[in-house]
Every structure is written in C-alpha cells, then in structure tokens.
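Undergrad: This is the structure, below, for whatever I ask next.
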Amino acid sequence: LISDKILELADLSLNFSKINRVTLHQDGKRPESDTDHTFMLSLLACSFANTFYKDKLDIGLVSQFATVHDLVEVYAGDTDTLVYNGENAKKIKEEKELESVQRIKKEFGLEFPWIHETIEKYESQYTKEARFIKIIDKILPKITGIFNNGIAIKRRKNKEEYRRFLEDQINSYKKYNEEFPELFLVFNEINKRSLDAF
C-alpha cells in the first residue's frame, strides 16, 4: 500500500533528524542535527539564489538539492571532514554514501523515485544548481562556528591547522569563482570571520 510507503518515508525523515553533526548550535553545546543543517541550507541557498542568480538558477531545483543533499547520512552517518579529509577518508565516505543511496533506492525507488534520482543528480554535480548547493554547504559549518566562537573547531584543530584547512578548501573550490563570483566572495568572507572567531 502507498500509505505504508508514506509511513516508511516519514520514519526515514524522523531518523534523519536524529543524525547529529559535529557542528554545534550557538550555545556551543547542543549538536546541530542534519535537519537543522538542511533547513538552514535551503533557506540561505534559495534566498541567495533569488537575490543574485534569479535569471541563472532554477530556485526550485536549488531547493530540491538542498532537501536531499545529505539524506544519505540517515544510513551513512555524518563524516567529520575537518578531521577526516585525506584521500582515503574521502573514498570511505563516498563508498558509505553510495551504499546508502542504493539502500534508499531499494526501499523507495519504485514508489518514490524522485528521492534517489535527485540525490544522484546532486552527487553528479553536472548542474549549476548542484554546484551552487555544494558551495553553500561548505559555508554553513563556518557560520555555526562564528556563532559559537569556534568551539567545535578548537576541539579538533589548532588555529594554524584550521587556517591551512580553509586555504586548502578555498583552493579546491576556486573553480566555482567564475560561475558564482558573488557567492565566492561570501565564501571567502565567512572563512575569514570563522578564523577570526577562533
């Protein structure tokens, strides 16, 4: 019955809300959940896209990618990319997340193919909307770090290690500067403020 699958999907959503990230709320104590992160990403991404890229991006697609971008973590869990960012760690993360997509496809693909299809489109990074979400997704942990004076970061990196991490990340995403110059300026500014909050 389709109502059974609706219940299963609702259960998946509630389980997703139980996944805690390594980032913390403003109080520096309460972990940010995957649903906290997903809602903030969707709100910021759609707002920014509407202001700066209304004629360039499909805001509906931006919202869809924001909604599913971390859904694989319901089975794969959150990976602390601040600590586990080497090539081997990235490979393990990709493998776990691929297994999770396959499980979601197996469980919901017949009745609700939009879910796994949208995750796969996002992961392919072929569309400008997917790339846009990817950049904003990298900004959000720094925003929460600014709010709590970098408490979660300080537990895992010293200031110099964190500065190098930010530099490496900027270099990795420089390719998006031409496509989204306004967003890349924000990326740089938030990184700077995140380091200042350390």
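The values are calculated or read from the model by the stated rules, or taken from the named source; none is laboratory data. These numbers come from a predicted model, not from an experiment. Don't worry about glycine lacking a Cβ; one is built from the backbone with ideal geometry, like all the others, and counts go over all protein chains shown. Protein only, heavy atoms only, side chains kept; ligands, DNA and RNA dropped before computing areas. Shrake-Rupley method; radii C 1.70, N 1.55, O 1.52, S 1.80 Å.
Undergrad: Assess whether Ile143 counts as being in contact (Cβ under 8 Å) with a residue 40 or more places away in the chain, β-branched (Val, Ile, Thr), touching a helix residue (DSSP H, G or I) at 6+ places or on another chain (Cβ under 7 Å) and crowded, with 17+ Cβ neighbours inside 10 Å.
TA: So Ile143 does not fit the description; no.
Undergrad: From Ile6, Ile2, grab the single residue that is at pLDDT below 95, among the aliphatic types (A, V, I, L, M), farther than 27 Å from Glu179 by Cβ and loosely packed, with under 15 Cβ neighbours inside 10 Å.
TA: Ile2
Undergrad: Using the structure shown, decide if Phe198 is surrounded by 15 or more Cβ atoms within 10 Å (Cβ to Cβ), assigned to a loop (DSSP other than H, G, I, E, B) and of a type outside the set (Val, Ile, Thr).
TA: So Phe198 passes the test.
Undergrad: Looking at (1) under 23 Å from Asn50 (Cβ atoms); (2) at pLDDT 95 or above; (3) open to solvent by 20 Å² or more (accessible area, probe 1.4 Å), which one does Asn177 not meet, given that it meets all the others?
TA: With (1) under 23 Å from Asn50 (Cβ atoms); (2) at pLDDT 95 or above; (3) open to solvent by 20 Å² or more (accessible area, probe 1.4 Å) applied to Asn177, the lone miss is (2).
Undergrad: What tally of residues in segment 114-140 results from selecting those that are among the acidic types (Asp, Glu) and either open to solvent by 50 Å² or more (accessible area, probe 1.4 Å) or free of Cβ contacts under 8 Å to residues at least 40 places away in the same chain (or both)?
TA: 3
Undergrad: Would you call Glu111 open to solvent by 80 Å² or more (accessible area, probe 1.4 Å), more than 23 Å from Met40 (Cβ to Cβ), of a type in the set (Asp, Glu) and more than 16 Å from the chain's Cα centre (by Cα)?
TA: no
Undergrad: Would you call Glu120 out of contact with any Gly (no Cβ under 9 Å at 6 or more places or on another chain), outside any helix (DSSP H, G or I) and at pLDDT 95 or above?
TA: No; evaluated as a whole, the condition is false for this residue.
Undergrad: For the structure I just gave you, tell me whether Ser63 is more than 15 Å from Lys138 (Cα to Cα), assigned to a helix (DSSP H, G or I) and over 15 Å from the mean Cα position of the chain (by Cα).
TA: In short, no.
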